[in-house]
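Data block below; observations after.
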């Protein structure tokens with residue numbers, strides 16, 4: 001019996017370690033047009049993104065599965081990490097860093113966009129649970145935000161001030 005429990009512990013630890021070893025599965029930028037639920041999306045150019053800002057509704061999502069394990073991947077092929085400062089946008093080039101400000105309370109955080117979405121209603125941004133906590137809207141689920149692009153390509157192209 002102890003041998004079976006020992007094997008089970010080894011398997012669980014191995015799965016946790018394997019799950020934590022996600023790699024950045026992208027090369028360059030994610031700017032190809034794509035289609036979701038019959039809707040076509042055309043990501044903007046780097047130049048357009050660097051001067052982009054918008055206001056709209058943000059939501060938060062948590063794709064953790066059983067026992068907190070998460071198997072999902074982002075549009076960049078990275079492992080979904082609910083404890084990261086990350087989010088999803090429909091048309092900005094990926095990866096992209098943005099400042100998000102909760103218009104209800106003025107709280108602001110810089111996040112890295114590495115996924116596509118949200119594809120529900122009139123929302124402009126989906127964020128991880130950690131971002132929602134920092135912006136203090138986990139209880140509400142939705143909030144109005146201002147989004148300002150700071151850089152594209154993990155800092156390679158920066159917004160001029």
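Which is surrounded by 10 or more Cβ atoms within 10 Å (Cβ to Cβ) and modelled with pLDDT under 60, of 50, 67, 85, 16? Can you show your working first?
Details: 50 fails: modelled with pLDDT under 60; 67 fails: surrounded by 10 or more Cβ atoms within 10 Å (Cβ to Cβ); 85 fails: modelled with pLDDT under 60.
The unique qualifying residue is 16.
Restricting the search to region 98-120, which residues are surrounded by fewer than 21 Cβ atoms within 10 Å (Cβ to Cβ), modelled with pLDDT under 95 and at negative phi?
119, 120
Of these, 145, 149, 124, which one is part of a strand (DSSP E or B), closer than 28 Å to residue 38 by Cβ and in contact with a helix residue (DSSP H, G or I) (Cβ under 6 Å, 6 or more places away or on another chain)?
Details: 145 fails: in contact with a helix residue (DSSP H, G or I) (Cβ under 6 Å, 6 or more places away or on another chain); 124 fails: in contact with a helix residue (DSSP H, G or I) (Cβ under 6 Å, 6 or more places away or on another chain).
Every option except 149 fails the conditions.
Among the listed residues 81, 99, which satisfies the condition of being part of a loop (DSSP other than H, G, I, E, B) and either closer than 15 Å to residue 145 by Cβ or out of contact with any strand residue (DSSP E or B) (no Cβ under 8 Å at 6 or more places or on another chain) (or both)? If you could, list the steps in order and put the result at the bottom.
Details: 99 fails: part of a loop (DSSP other than H, G, I, E, B).
Checking each option against the conditions leaves just 81.
Kindly evaluate residue 27 against the criterion of being over 23 Å from residue 147 (Cα atoms), in contact with a helix residue (DSSP H, G or I) (Cβ under 8 Å, 6 or more places away or on another chain) and at pLDDT below 60. Reasoning before the result, please.
On the way: over 23 Å from residue 147 (Cα atoms): yes; in contact with a helix residue (DSSP H, G or I) (Cβ under 8 Å, 6 or more places away or on another chain): no; at pLDDT below 60: yes.
For residue 27, the condition - over 23 Å from residue 147 (Cα atoms), in contact with a helix residue (DSSP H, G or I) (Cβ under 8 Å, 6 or more places away or on another chain) and at pLDDT below 60 - is not met.
The values are calculated or read from the model by the stated rules, or taken from the named source; none is laboratory data. No experiment lies behind these values; they were computed from the predicted model shown. Ideal geometry is used to build each Cβ from the backbone, glycine not excepted, and the neighbour counts take in all protein chains shown.
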